[in-house]
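*Asks:* Dumping the structure here so I can ask a few things about it.
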Amino acid sequence: MIKVKFNFENEKKTYDFEINPSKDDLIEKQIKIVSEKIINKEEACYFHLFDPTKNVFIENAVKELEKGKTYIMKNTSKFAVDTVESLQKVINNVKNRDASTLNNSELKEVMSICFFLKNSLVVDSFAEEFISYDGLRVLIDIIELSSGNTRSYALNALISLIYFKNANEYLKENPIVVENLYAILALTQKNMSHDSTNIPTINHILQILYILVEYLKEEGITIILIAAETYSEYKNKKTFTEVVMLMSSSEVNVKIKTLSLINIMIVNSTRKTSKNKILALFNEAGLLNMLAKDSELKNSAFQNELTNFQKLSGELIYGSAYEIEIYKARIQDMENHCNALEKKAEFIFLNQKFYAEIVEEFVYFQQIAEASIDIGGYYDPSKFYKKF
């Protein structure tokens, strides 16, 4: 147990409590427990920790609390409104300039806000307040206007939000958002080799699309498919070409996330026609050729995804760990079959002598029977049965 101090903005009194620093204790759960102890009000659980010395929200509470500092419990509803208004103000400035992107000072300001968002969105109450104040729309506008690390920070915040039901509903009602995200993914992929800051953006968008399919299932696949077809029609390319080209990245994580997205789309294509269409579109875009180039990539996570793809699609990628395992299994089956045949042959060989002795005995008794007939008129029943 460790002792922690808390202050409220409107109070001078300091509260001391003990919190279990177990790594299983999530920051938001600790905050809610402490808040409920401090004030017996429903809104008490709508507070979270804030460090006034650094002017940041605490990412790792246990480490910071061990330093024995005093923290302010800040109202999440007010902070959510302030954050949305700050982002909207930046967007309005861009519109007033009739520009399409943020300038350097705006990028820095947005990055700072998104950094706070990253730490604040771990608290469910704040995330819900942020969405309710139209924060999702504002954040998506920022993503479209920004670039580089700033865009990456904004996308990271969006990832935290789309786990909420009302965020999923927003994306369902506004498929243009996914179309724009797909366009950003395509353009970022094009410049991937020239600018390493594009990698986080690509990973974040792939994760967003993955979560969309994970939560919305077939409906999520349809939204992504429409986005891909819209972009391919505009660029006169084959559908999903941009996604497949991500497999050429030198970053293994990009390959893994790309293949993971493809796999979850196949898994959640419950109708056979839908699954066949998804596979056909990816294959037409050259997926199998790309996978063949990476078939011997020595990365367990990638090989696991590659194995899953081969099991789901029925395709066999030459040189992959899965193909090797299949041939190992076939060789083992052949070895087992050969061992069984060898044992059978050995059994026959060992019993050949026994069979020969039986034949000799039979011939011997047959001769005795024939001799008995000649000498004593012995009736041989075997001859009787031969007639029938």
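Every number here is computed from the coordinates shown, using simple stated rules; none is lab data. Here the structure is a predicted model, which is why all the values come from computation and not from measurement. As a convention, Cβ positions derive from the backbone with ideal geometry for all residues, glycine included, and neighbour counts pool all protein chains shown.
*Asks:* Could you give each residue of region 266-272 its phi-based ³J(HN,Hα) in whole Hz, using Karplus coefficients 6.51, -1.76, 1.60 with θ = phi - 60°, and x for Gly or Pro?
*Replies:* Each residue of region 266-272 in turn: 5, 4, 8, 7, 5, 8, 4 Hz.
*Asks:* With a 10 Å radius around each residue's Cβ, average the other Cβ atoms per peptide and rank 335-343, 221-229, highest first.
*Replies:* In decreasing order of mean packing, 335-343, 221-229 become 221-229, 335-343.
*Asks:* Using the count of nearby Cβ atoms within 10 Å as a rough guide to exposure, how do 298, 95 rank from fewest to most?
*Replies:* With the sparsest Cβ surroundings first, the list reads 298, 95.
*Asks:* Here is a further query. How would you classify region 205-271 from its alpha-carbon gyration tensor, with a ≥ b ≥ c the square roots of the eigenvalues: rounded for a/c under 1.5, else prolate if a/b is greater than b/c, otherwise oblate?
*Replies:* oblate
*Asks:* In addition: Once phi is turned into θ = phi - 60°, what whole-Hz ³J(HN,Hα) does the Karplus curve with 6.51, -1.76 and 1.60 give for every residue of region 229-243, x standing for Gly and Pro?
*Replies:* With the stated coefficients, region 229-243 comes to 5, 4, 5, 5, 5, 5, 8, 6, 10, 6, 4, 6, 4, 5, 5 Hz.
*Asks:* Considering only C-alpha atoms, what is the centroid distance from region 93-120 to region 229-276, in Å?
*Replies:* Centre-to-centre distance over Cα atoms comes out at 30 Å.
*Asks:* Tell me which of 163, 142, 175 sits at the most positive position along the dipole axis of region 139-182, charges placed on C-beta atoms (Lys, Arg +1; Asp, Glu -1).
*Replies:* Farthest towards the positive pole: 163.
*Asks:* What's the exposure ranking of 161, 216, going from fewest to most Cβ atoms within 10 Å?
*Replies:* Result, fewest neighbours first: 216, 161.
*Asks:* Cut-off is 10 Å between beta-carbons; in what order do 334, 247 appear when sorted fewest neighbours first?
*Replies:* 334, 247
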